[in-house]
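Below is one structure, written out as structure tokens, with a few remarks after it.
The values are calculated or read from the model by the stated rules, or taken from the named source; none is laboratory data. None of the values given here were measured: they were computed from a predicted structure. As a convention, Cβ positions derive from the backbone with ideal geometry for all residues, glycine included, and neighbour counts pool all protein chains shown. When the accessible area is computed, the model is the full protein with side chains, heavy atoms only, and any ligands, DNA or RNA have been set aside. Shrake-Rupley method; radii C 1.70, N 1.55, O 1.52, S 1.80 Å.
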Amino acid sequence: MARKVSKAGLAVTVALAATLATGVAVGAAGAADAGGHPAANGGSGRSATAHARQVGTHWVNTWTSMPQLTEPTNMPPAPFNQDGKVLDDATLRQTVHVSVGGKQVRLRFSNAFGGAALPLTSVSVALPAGGRAGASAIRPATSRTVTFGGSASAVVPVGSQVVSDPLDFDVAPGTNLTVTVYLADGQASNSITSHPGSRTTSYMLAGDHVRDEDLAGAASAAHWYFLSGVEVWSPDTTAAAVIVGDSLTDGRGSTTDANNRWPDQLLDRLRSRPDTAGTAILNQAAGGNRVLNDGLGPNALSRVDRDVLAQSGVEWALVFEGINDIGTAEATEAVQQKTADDLIAAYDQIIVRAHTQGIRVYGATLTPFGGNTGYDDPSGYREQARQKVNAWIRTSGRFDSVVDFDRAVRDPKNPRQILSAYSDPDHLHLNPAGYGALAAAVPAGLFHQEPLPRGFGFD
């Protein structure tokens with residue numbers, strides 16, 4: 001497994017370089033305990049740095065959200081959205097559902113689409129009250145301060161991101177984590193970075209309430225803001241699978257605060273099996289996203305580097321996207337045939353780029369949209385394009401494996417449509433049962449860690 005060793009070695013090099021750069025001395029507080037884990041030190045992050053000297057461990061993303069430019073309708077509610085400033089002197093509390101666990105965590109904050117620098121005054125992590133997603137309250141004894149280069153605050157430049165220091169914080173796999181941020185001066189722009197399709201409730205309250213047990217009287221919104229990733233320090237037997245998708249993966253039709261999108265249900269399956277329990281599932285999807293052209297969020301071809309290749313610990317990628325390209329292209333035979341050809345070429349490019357980084361790529365067939373008012377054209381040209389794309393996914397041999405989502409949810413009596421028991425009323429998206437059918441269609445064996453074959457990535 002030479003590739004995994006090199007990843008761990010790279011993580012060690014980065015951690016040690018960061019230590020030297022910040023002048024942090026690793027002393028008794030960073031010594032490992034008898035079990036080989038770093039001793040507790042009040043959350044300074046130093047013990048995790050010392051632990052990085054051990055071999056066979058690396059950073060793995062346990063949760064992600066695809067950064068997007070926030071639309072006007074998805075901005076924070078008043079009074080947290082003023083002319084030229086957002087979340088001024090405000091506390092933001094958000095919960096996320098982690099996939100794999102660890103004893104050290106670090107956070108990533110994105111300002112990819114911000115119109116001004118993003119000043120984070122203070123940040124904390126905690127366990128939510130009752131372990132619930134979308135909870136406004138935390139278990140106060142679990143709250144820990146997050147630091148950035150040893151400082152409690154950080155400024156995220158325009159178009160950039162910031163990664164926190166490692167923090168001793170024991171998070172169990174498949175559980176929820178609360179991240180609370182205070183912005184003393186807000187962000188001086190109405191262009192901000194978020195993930196609107198959180199399907200999870202977040203809370204906003206005026207003033208500094210980072211350590212408060214509950215945010216009584218807080219405003220709420222079902223969006224995530226600024227937070228784009230959570231990583232855990234894990235054995236090299238832990239690895240991540242990234243899912244590149246649109247609203248069908250982002251969870252349109254799923255239940256708010258229930259974490260029952262198909263990637264969530266797939267995670268539950270994998271966690272129940274000893275051979276796949278160490279697989280992190282990273283949902284890098286957004287409603288309205290397209291492969292070829294920008295829509296809601298940058299197109300998939302342009303975001304592969306950021307959302308797949310730059311994520312920690314990734315060994316697999318699953319591509320389930322293209323329906324919006326077909327559905328928004330003109331419903332003529334010529335345009336739809338070209339759209340199908342362009343999608344096929346784009347998939348091939350994604351495969352080439354991921355293979356270069358040693359990542360296996362799986363392709364999922366596109367699910368039906370018959371009966372959808374916007375996408376189902378009377379002449380059936382869009383359906384022909386979907387069938388052409390699916391035939392290539394199934395038979396080309398370019399993907400390392402194929403997941404047949406089309407077969408999993410289509411109506412056997414009317415294959416152009418989703419089975420009614422699985423369909424959202426719009427005949428495009430799925431309900432939680434339908435998302436369960438997608439999760440069940442993914443073979444768990446795809447996520448067994450195996451050495452790459454000789455010549456992998458030459459393409």
Subset of the range 320-356 (residues that are in a helix (DSSP H, G or I), farther than 28 Å from ALA439 by Cα and β-branched (Val, Ile, Thr)): VAL335
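Rundown of residues vs (1) surrounded by 21 or more Cβ atoms within 10 Å (Cβ to Cβ); (2) not in a helix (DSSP H, G or I), yes/no style:
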| residue | (1), (2) |
| --- | --- |
| GLU231 | yes, yes |
| VAL242 | yes, yes |
| THR249 | yes, no |
| SER254 | yes, yes |
| ASP257 | no, yes |
| LEU267 | yes, no |
| LEU270 | yes, no |
Among residues of the range 215-229, those that are in a strand (DSSP E or B) and not hydrophobic (A, V, I, L, M, F, W, C), counted: 4
Subset of the range 182-214 [more than 23 Å from the chain's Cα centre (by Cα), crowded, with 16+ Cβ neighbours inside 10 Å, in a strand (DSSP E or B) and among the hydrophobic types (A, V, I, L, M, F, W, C)]: LEU183, LEU205
Members of the range 288-334 that are out of contact with any Pro (no Cβ under 9 Å at 6 or more places or on another chain), under 30 Å from GLU450 (Cα atoms) and open to solvent by 20 Å² or more (accessible area, probe 1.4 Å): LEU301, SER302, ASP305, LEU309, ALA310, GLN311
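In the range 357-397, what residues are closer than 29 Å to ASP459 by Cβ, part of a loop (DSSP other than H, G, I, E, B) and open to solvent by 10 Å² or more (accessible area, probe 1.4 Å)?
Step one: of the range 357-397, the residues closer than 29 Å to ASP459 by Cβ are 357-367, 384-397.
The next check asks that each one be part of a loop (DSSP other than H, G, I, E, B); those that pass are 357-359, 365-367, 396-397.
Correct list: GLN357, SER396, GLY397.
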Meets criteria (surrounded by fewer than 20 Cβ atoms within 10 Å (Cβ to Cβ) and of a type outside the set (Gly, Ala, Ser)) for THR175: yes
Qualifying residue in the range 382-391 (condition: closer than 25 Å to LEU266 by Cβ and in contact with a Pro (Cβ under 9 Å, 6 or more places away or on another chain)): yes
Flag for GLY363 being without any contact (Cβ under 8 Å) to a residue 60 or more places away in the chain and small (Gly, Ala, Ser): yes
Residue within the range 426-445 that is within 29 Å of GLN349 (Cα to Cα), part of a strand (DSSP E or B) and aliphatic (A, V, I, L, M) present: yes
Near pairs, Cβ below 7 angstrom, 6+ apart or cross-chain, from the range 130-143 (under 28 Å from ARG261 (Cα atoms)) to any residue that is charged (D, E, K, R) and assigned to a strand (DSSP E or B): SER136/ARG93; SER136/ASP214; ALA137/ASP214
The lone exception for VAL60 - which of (1) crowded, with 20+ Cβ neighbours inside 10 Å; (2) under 25 Å from ASP214 (Cβ atoms) it fails: (2)
Pick from the range 391-438, criterion among the polar types (S, T, N, Q) and within 26 Å of the chain's Cα centre (by Cα), ranking: farthest from SER247 (Cα to Cα): SER401
Which numbered condition PRO274 fails, given (1) out of contact with any Asp or Glu (no Cβ under 9 Å at 6 or more places or on another chain); (2) touching a residue at least 24 places away in the same chain (Cβ under 8 Å); (3) outside any strand (DSSP E or B): (2)
Output for the range 78-135, where each listed residue is farther than 17 Å from TRP63 by Cα and in contact with a helix residue (DSSP H, G or I) (Cβ under 7 Å, 6 or more places away or on another chain): ALA135
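Scanning the range 93-107 for residues that are over 16 Å from THR178 (Cβ atoms) and not polar (S, T, N, Q), which turns out most open to solvent (accessible area, probe 1.4 Å)?
Step one: of the range 93-107, the residues over 16 Å from THR178 (Cβ atoms) are 99-100, 102-104.
Imposing the further condition that a residue be not polar (S, T, N, Q) reduces the set to 100, 102-103.
Numbers: VAL100: 7, GLY102: 12, LYS103: 89 Å².
Within the range 93-107, the match that is most open to solvent (accessible area, probe 1.4 Å) is LYS103.
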Search result, residues across the range 107-134 that are in a loop (DSSP other than H, G, I, E, B) and under 20 Å from the mean Cα position of the chain (by Cα): ASN111, ALA112, PHE113, GLY114, LEU127, ARG132, ALA133, GLY134
Of the criteria (1) within 17 Å of LEU318 (Cα to Cα); (2) open to solvent by 60 Å² or more (accessible area, probe 1.4 Å); (3) in contact with a Leu (Cβ under 8 Å, 6 or more places away or on another chain), which one ARG410 fails: (1)
Selection count where residues are over 17 Å from PHE226 (Cα atoms) and either in contact with a Leu (Cβ under 6 Å, 6 or more places away or on another chain) or loosely packed, with under 15 Cβ neighbours inside 10 Å (or both), scope the range 153-170: 1
